[in-house]
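A quick write-up on the structure given underneath.
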Amino acid sequence: MTNLYNIEIAAYSEIDKYASESYPIIHNVSKKKNLGDVTKIKTRKLVPYNVLAGGSPCQDFSIAGKGEGAVWRCLDCGEEYNPLTVHFSERKQCPHCKSENIEKTRSSLLVHYLEVLHDTMPLVAFYENVKNLLSKNFAELFTMFIKELEEYGYNVCFKVLNGKDYGIPQNRERVILLAIRKDVDNGKFKFPEPFEDGKTFNDLLDDCTHLFENTDETIIIDDKIMPGVKRNIERDKHLIVASDKGIYRIPCTTSFQDNAVGIKYSPTITASNHSTIVLQKTQVNGIERFYIKKLRAHEALRFMGFDDEDYEKASSVVSDSQIYKQAGNSIIVDVIYAVFKELFKAMPYLFTDMKLIHLFSGIGSVEKGIKRVVDEANALALKGGDLLE
């Protein structure tokens with residue numbers, strides 16, 4: 001039976017050399033599909049596609065000065081400006097002297113996302129960024145961004161979603177935006193509602209019972225935790241295991257290290273901090289035991305919705321430290337799945353032949369999430385069911 005729905009990776013864009021190794025092996029695609037530097041993409045040469053995904057740096061929305069925001073500089077008159085403040089029809093010219101001799105800094109990656117979107121007009125565009133995008137520092141330009149998408153011919157909806165509300169125990173808030181081309185939008189899409197049932201710590205962490213088999217200790221602290229942080233945890237360990245907080249934040253007495261221990265859900269995994277710490281509970285000889293540990297690389301991927309097969313693939317080409325960084329730069333697959341499942345329920349016709357281009361792709365959470373929806377829909381169709389039910 002031919003599948004009713006399909007998702008194909010048409011191309012992706014990634015310049016990080018390690019993510020560029022992990023992505024193709026995780027998704028089983030050719031490295032030749034990597035468009036490379038997004039600033040050098042020629043839209044007229046892109047392969048046919050109908051879904052665009054991406055998430056540029058938050059700094060793109062800053063209206064601050066050079067070094068702090070997305071600043072272009074006119075090489076003729078010296079004018080510096082954020083290109084988002086200029087209408088897209090006039091963006092190639094200096095707003096002061098109309099010269100086209102413009103120095104375009106790499107911090108304006110969002111503009112290149114917009115150029116691809118405007119020139120190719122896919123059916124759907126997905127955009128993701130940190131919650132801070134809605135703060136007063138960025139709100140003005142974020143509004144401009146939305147209005148520009150609408151002027152292209154898209155209906156736009158966005159919402160802050162937290163991974164812990166969609167099946168993964170990690171506190172990870174992200175702005176998720178969908179732009180649906182007006183001529184295909186039936187107006188029925190709504191963001192998914194939060195739910196409480198999902199994976200638990202024990203579902204995602206390696207079993208630790210063996211650590212307690214020959215000891216009377218009830219609390220063990222992982223030796224892989226940084227010494228300064230470990231001292232703080234040792235000081236507060238009984239308060240940590242007795243706490244009913246989602247995340248226990250230890251008063252910091254050393255350097256800059258984040259002294260947060262996940263109890264009900266993990267602190268946000270970041271690319272810059274390879275010491276995300278959680279409290280794992282287990283039973284040994286009828287006694288409750290506690291293991292305060294640093295997430296391992298494969299566990300960090302699990303907390304992003306990737307599976308152990310993905311880890312095995314990625315670890316064959318890059319180090320664990322790079323995998324941890326890739327997890328911290330990623331989006332939770334289960335959040336993507338929840339969003340695109342609702343899109344499928346609203347507009348299943350968009351999924352009959354999806355061809356995706358992902359800019360700033362990382363290791364491809366969007367691809368994983370959409371594929372899960374497609375596979376589930378095809379499996380139910382084969383059984384005579386319907387994902388719409």
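May I ask you to order 97-103, 194-200 by the average number of other C-beta atoms within 10 Å around their residues, highest value first? Before the final figure, lay out each step's value.
Numbers: 97-103: 12.6, 194-200: 11.0.
Descending mean neighbour count gives 97-103, 194-200.
Dipole check for the range 207-295: with +1 at the C-beta of Lys and Arg, -1 at the C-beta of Asp and Glu, and the Cα centre as origin, the magnitude is about 320 Debye. Of the residues PRO83, GLN93, PRO122, the one whose Cα sits farthest towards the positive end of the charge dipole of the chain is GLN93 (charges of +1 on Lys and Arg Cβ, -1 on Asp and Glu Cβ, taken about the Cα centre).
Applying a 10 Å radius around every beta-carbon, put 316-328, 295-307, 136-148 in order of their mean neighbour count, most first.
So the order, starting with the most tightly packed, is 295-307, 316-328, 136-148.
Protection proxy ranking for 259-268, 371-380, 172-181, using the average of other Cβ atoms within 10 Å per residue and placing the highest first: 259-268, 172-181, 371-380. Distance between the C-alpha centres of the range 1-54 and the range 263-298: 34 Å, rounded to the whole angstrom. For the residues ASN232, ASN285, ASN28, a GNM of the chain with alpha-carbon springs under 10 Å puts the largest fluctuation on ASN285.
Legend: residue pairs LYS164/LYS293; LYS32/LYS159; LYS281/LYS313; LYS92/LYS190, Cα-Cα distance threshold 25 Å; pairs beyond threshold, LYS32/LYS159; LYS281/LYS313; LYS92/LYS190. Across the options ALA271, HIS210, ILE221, the greatest Cα extent toward the positive end of the charge dipole of the range 207-295 (unit charges at beta carbon of Lys, Arg, Asp, Glu) belongs to ALA271.
Where a number appears in this text, it was derived from the coordinates with a stated rule and is not lab data. Bear in mind the structure is a predicted one, so any value in this text is a computation, not a measurement. FYI the Cβ positions are ideal-geometry reconstructions off the backbone, even for glycines, and counts take in every protein chain you see.
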